[in-house]
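Student: Before anything else, here's the structure in question.
The values are calculated or read from the model by the stated rules, or taken from the named source; none is laboratory data. From a predicted model like this one, the values you see are computed outputs, not experimental measurements. All Cβ positions, even for glycine, are placed from backbone atoms using ideal geometry, and neighbour counts span all protein chains on display.
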Amino acid sequence: MTAIAARAESSIGSLYQFFPTNEQVAGTLIEQYLTELEAAFDRLSEEVPLLEVSVVAGRLTTFFVAFRTTHPAFVVLADAHDVVLPGATSVRERLCKGIASVVAALAPRLSVKEALFRAVVVQHLMKAAVTAEPRYERR
């Protein structure tokens with residue numbers, strides 16, 4: 001909390017007025033990250049009908065790697081707060097729904113269930129890709 005207050009150029013007392021616990025800080029931050037991700041999925045979903053599948057795949061991969069690079073706390077917070085979010089929707093569930101919207105835009109004849117299944121597969125592939133990406137660059 002001290003580091004957060006210093007970075008915000010605020011007193012720790014002011015920070016505790018808005019966020020009485022560390023968990024509330026983390027929950028607010030992960031909510032902000034999810035809102036940003038969902039907006040990106042919405043934008044991509046709108047563009048998908050005009051794009052080739054390989055371009056969509058490339059954009060998703062590039063986006064996830066860039067997001068993880070610019071938001072390094074996201075994975076840690078997502079793992080720690082997966083079942084703590086308001087509304088009883090987990091981080092992974094919200095991510096899956098966002099990816100499913102892109103999949104559905106790419107293949108509109110898929111059922112909702114099939115789009116969600118494919119989104120789970122994409123989600124796991126993206127997690128593996130962003131985990132492997134730093135190791136791949138060092139070679």
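Student: Within the range 107-139, track down each residue that is assigned to a helix (DSSP H, G or I), hydrophobic (A, V, I, L, M, F, W, C) and either in contact with a Lys or Arg (Cβ under 9 Å, 6 or more places away or on another chain) or modelled with pLDDT under 85 (or both).
Tutor: Leu116, Ala119, Val120, Leu125, Met126, Ala128, Ala129, Val130, Ala132
Student: Say we look at the range 13-70 and pick out the residues that are among the β-branched types (Val, Ile, Thr), at pLDDT 90 or above and crowded, with 17+ Cβ neighbours inside 10 Å; which of these is nearest to Ala105 (Cα to Cα)?
Tutor: My answer is Val48.
Student: Helices (runs of 4 or more DSSP H) wholly in the range 1-104 with at least 1 residues that are closer than 18 Å to His124 by Cα - which ones?
Tutor: Ranges flagged: 22-47, 53-70, 73-80.
Student: Does at least one position in the range 7-29 carry a residue that is over 12 Å from the mean Cα position of the chain (by Cα) and at positive phi?
Tutor: yes
Student: Within the set of pairs 6+ apart or on separate chains, which have a first residue in the range 57-76 that is among the acidic types (Asp, Glu), a second that is in a helix (DSSP H, G or I), and C-beta atoms under 8 Å apart?
Tutor: Every condition considered, no pair remains.
Student: A further question follows. So, in the range 71-89, of the ones that are more than 10 Å from the chain's Cα centre (by Cα) and closer than 16 Å to Glu36 by Cα, which residue ends up modelled with the lowest pLDDT?
Tutor: Leu85
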